[in-house]
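Take this structure first; my questions come after.
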Amino acid sequence: AMRTILLGTGSPPPNPKRRGPATLIVVGDSERFLVDAGSGVGVQLVQAGVRPYDWPPVFITHHHSDHVIDLAHLIITRWIVGQNAPLDVYGPAGTRRQIDLLLEWMRWDIDVRREHMHERAGPEVRVMEVEEGHVLERDGLRVSAFLVEHDPVNPALGYRFDAEGTSVVVSGDTRPCENLMRWSRGVELLVHECCEM
């Protein structure tokens, strides 16, 4: 079965009762995917039973700070605990540049830690910039991206997960739009952004 765990549903202002936007999709017994990496996502993942060594692939909806503020935390903690495999990050155009900037921002910390890690390479991130359509397909699992309306942020994406006869859509931030309705028609679960400023 496919399960959806809301790790955070907050907005930019701090709220002790909420963490930043992040949704964990669990397929079957062990396959996991993370949509967005808002504030506190690492602690929320651990509380959901996912350890830093096993952080899942990350799907970024858009680059507003509240959706990506703890992406650096995921990258560095995963590496600190000994995971050398690249972290997979999917996202809209501009994601590669954002990751490069994050790694550069963390360069001093990485270099200092490597002083006592004896020849260990720094953390590696494998970035896939995606457009609308299927972005991942294997063993009966399909992940699709689709455009949503979040002007002036462009592109902004939602994601649809189909597996084991179940489907889930995570809308990302958007206003009412035809494309969201098209891609979420008939799904079992729609995780839909709603923010009243």
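Which pairs have Cβ atoms under 8 Å, sit 6 or more apart or on different chains, and link a residue in the range 33-54 that is surrounded by fewer than 20 Cβ atoms within 10 Å (Cβ to Cβ) to one that is among the polar types (S, T, N, Q)?
52/77; 52/83; 53/83; 54/83
Could you check the range 55-123 for helices (runs of 4 or more DSSP H) lying wholly inside it with 2 or more residues that are free of Cβ contacts under 8 Å to residues at least 24 places away in the same chain?
95-105, 107-114
Let me ask something else about it. For residue 130, all conditions in the list (1) surrounded by 10 or more Cβ atoms within 10 Å (Cβ to Cβ); (2) more than 16 Å from the chain's Cα centre (by Cα) hold save one; what is the number of the exception?
All conditions are met except number (2).
Could you tell me whether any residue of the range 73-86 is surrounded by fewer than 20 Cβ atoms within 10 Å (Cβ to Cβ) and within 12 Å of the chain's Cα centre (by Cα)?
No: zero hits.
What are the residues in the range 5-28 that are surrounded by fewer than 18 Cβ atoms within 10 Å (Cβ to Cβ) and either farther than 16 Å from residue 66 by Cβ or not polar (S, T, N, Q) (or both), if any?
Within the range 5-28, 5, 6, 12, 13, 14, 16, 17, 18, 28 qualify.
Please go through the range 167-183 and pick out each residue that is in contact with a strand residue (DSSP E or B) (Cβ under 7 Å, 6 or more places away or on another chain), modelled with pLDDT under 95 and farther than 18 Å from residue 60 by Cα.
177
Now, a different point. Assuming residue 141 fulfils every condition listed in (1) touching a helix residue (DSSP H, G or I) at 6+ places or on another chain (Cβ under 6 Å); (2) under 30 Å from residue 84 (Cβ atoms); (3) open to solvent by less than 20 Å² (accessible area, probe 1.4 Å) apart from one, which condition is it?
Unmet condition: (1).
The values are calculated or read from the model by the stated rules, or taken from the named source; none is laboratory data. No experiment lies behind these values; they were computed from the predicted model shown. Neighbour counts are summed over all protein chains in view; Cβ atoms, including those assigned to glycine, are modelled from backbone coordinates with ideal geometry. With ligands, DNA and RNA removed, areas are computed over all heavy atoms of the protein, side chains included. Shrake-Rupley method; radii C 1.70, N 1.55, O 1.52, S 1.80 Å.
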